[in-house]
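Report on the structure given below.
The values are calculated or read from the model by the stated rules, or taken from the named source; none is laboratory data. In this text, all values refer to a predicted model and were calculated from it rather than measured experimentally. Please note: Cβ atoms are built from the backbone with ideal geometry, for glycine as well, and neighbour counts cover all protein chains shown.
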């Protein structure tokens, strides 16, 4: 980035992660109970949704499980993955601006280094509204597309019909659920930031406006990456359910 604002303050989660990095047993001490808790919560939700649907159909369990998994992945996934991607993107940009990346531009693997918190930004109301709208529309679209079980079966049927085998089905799924969303996100982000980027290139932005543009671009790209990851997870969950629970 052209500007390098200082990192934000560390929170409790940062201190917990730093404590966990000391040894493997500390990681297990935190992760094992967390995984068990998540598993129990998912099982309870699955049973509750199954009872609420009150269906005796052959695929009633699959329908209920898809509701639970997609609902959790979309709502909790965006809340967790987006801040993590946003933080990591700031880490990479700081290393790039400091000249710490190799000449070939290769970046370290995600999570391989400790990333400082992103800077605190005083977002204008228009940007806050844009962020809220992006979260709402993305969440609604993902739930609308992946939560109905008939949509998951239609996706599986489409991939099976238009592919010559498992390998080509995987390639087709990658095209639909990765490359297509990536292109759409890139076009949308370019459209949202194009005007300010042109003004920056012409030297018409103040230092604060330039920082805001850089930060907004990072926010949008990290949000787009989070949405793509959630799309993949929803498709993966639906594929497992339709393959093994019917």
ask   = Of all the residues that make up the range 6-33, how many are in a loop (DSSP other than H, G, I, E, B), surrounded by 13 or more Cβ atoms within 10 Å (Cβ to Cβ) and more than 24 Å from the chain's Cα centre (by Cα)?
value = 0
message = Quick test for you: out of 204, 188, pick the one residue that is surrounded by fewer than 15 Cβ atoms within 10 Å (Cβ to Cβ) and outside any helix (DSSP H, G or I).
response = 204
note = The residue that is farthest from residue 218 (Cα to Cα), considering only those in the range 40-52 that are in contact with a helix residue (DSSP H, G or I) (Cβ under 6 Å, 6 or more places away or on another chain) and free of Cβ contacts under 8 Å to residues at least 24 places away in the same chain, is 50
message = Condition check: at pLDDT 95 or above and surrounded by 10 or more Cβ atoms within 10 Å (Cβ to Cβ). Does residue 36 satisfy that?
response = yes
remark   = For residue 215, the lone unmet condition from (1) touching a helix residue (DSSP H, G or I) at 6+ places or on another chain (Cβ under 8 Å); (2) buried (at least 20 other Cβ atoms within 10 Å of the Cβ) is (1)
